[in-house]
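Asks: Starting off with a structure, shown below.
The values are calculated or read from the model by the stated rules, or taken from the named source; none is laboratory data. From a predicted model like this one, the values you see are computed outputs, not experimental measurements. Cβ atoms come from the backbone with ideal geometry, glycine included; neighbour counts cover every protein chain shown.
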Amino acid sequence: MGRLGYFAVLTLFVCTASVALGASKSDSEKGAFFDLPPVQEKLDTASRRTIYLKANIALELEDPGMRERVEKVLPRVLDTIQVYLRGTRVEDFSTSRNLDRLRTQLREKINAEVGPARVSDVLFKKIALDE
């Protein structure tokens, strides 16, 4: 397995662990989950290689009643995610610390678009890096 393969496997493991940890919350603590359409973006690389990120992302809403608000601004949310991901590098997906930073920044950017609704978490349900 090449270097890129290790990034993808590590990323998938970290994201799976994050989702599993989120499952330990009690039902009263959970918000509503909002699945976004699959995302595919070209990542910034220092070399001439072309690497694509393919991801399935879910948003955890603090209030299930805000689903309609998110649906209303969904084009803005998707644009925000795509623009943000275009500026990421392969290395940004290499460690759990980097992924946590990406998730936090994505959540903040999405919250700016969906207000007054609040996204409490951004979950990577599936993530792959392809050459």
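Asks: Does the range 111-124 contain at least one residue that is assigned to a helix (DSSP H, G or I), charged (D, E, K, R), surrounded by fewer than 12 Cβ atoms within 10 Å (Cβ to Cβ) and modelled with pLDDT of 90 or more?
Replies: No, that holds for no residue.
Asks: Of all residues being among the hydroxyl-bearing types (Ser, Thr, Tyr) and part of a helix (DSSP H, G or I) in the range 87-110, which is modelled with the lowest pLDDT? Just the residue, please.
Replies: Among residues in the range 87-110 that are among the hydroxyl-bearing types (Ser, Thr, Tyr) and part of a helix (DSSP H, G or I), the one modelled with the lowest pLDDT is Ser96.
Asks: Scan the range 103-131 and report the pairs whose first residue is within 18 Å of Arg69 (Cα to Cα) and among the charged types (D, E, K, R) and whose second residue is loosely packed, with under 13 Cβ neighbours inside 10 Å and at pLDDT 90 or above, with Cβ atoms within less than 9 Å and a gap of 6+ or a chain change.
Replies: Note: pairs meeting the criteria are Lys109/Val83; Glu113/Asp79.
Asks: Let me ask another. Please report, ordered by residue number, the strands (runs of 3 or more DSSP E) entirely within the range 14-74 with at least 3 residues that are in contact with a Phe, Trp or Tyr (Cβ under 7 Å, 6 or more places away or on another chain), closer than 19 Å to Glu113 by Cα and modelled with pLDDT of 80 or more.
Replies: Ranges flagged: 52-61.
Asks: Here's something else I'd like to know. Out of all the residues in the range 59-70, which are closer than 12 Å to Ser120 by Cβ and buried (at least 18 other Cβ atoms within 10 Å of the Cβ)?
Replies: If the condition is that a residue be closer than 12 Å to Ser120 by Cβ and buried (at least 18 other Cβ atoms within 10 Å of the Cβ), then Leu59, Glu60, Leu61, Met66 are the ones that fit.
Asks: Do we have any residue at all in the range 75-86 that's among the hydroxyl-bearing types (Ser, Thr, Tyr) and out of contact with any helix residue (DSSP H, G or I) (no Cβ under 7 Å at 6 or more places or on another chain)?
Replies: Within the range 75-86, none of the residues are among the hydroxyl-bearing types (Ser, Thr, Tyr) and out of contact with any helix residue (DSSP H, G or I) (no Cβ under 7 Å at 6 or more places or on another chain).
Asks: The conditions are (1) touching a residue at least 60 places away in the same chain (Cβ under 8 Å); (2) surrounded by 16 or more Cβ atoms within 10 Å (Cβ to Cβ), and Ser96 fails exactly one of them. Which is it?
Replies: Single failed check for Ser96: (2).
Asks: I would also like to ask the following. Name, by its number, the condition in (1) part of a helix (DSSP H, G or I); (2) surrounded by fewer than 18 Cβ atoms within 10 Å (Cβ to Cβ) that does not hold for Ile81.
Replies: The number of the failed condition is (2).
Asks: Then there's this: Given the residues Leu36, Leu53, Leu43, Leu106, which is the only one that is within 12 Å of the chain's Cα centre (by Cα) and more than 16 Å from Asp121 (Cβ to Cβ)?
Replies: When all the criteria are applied, what remains is Leu53.
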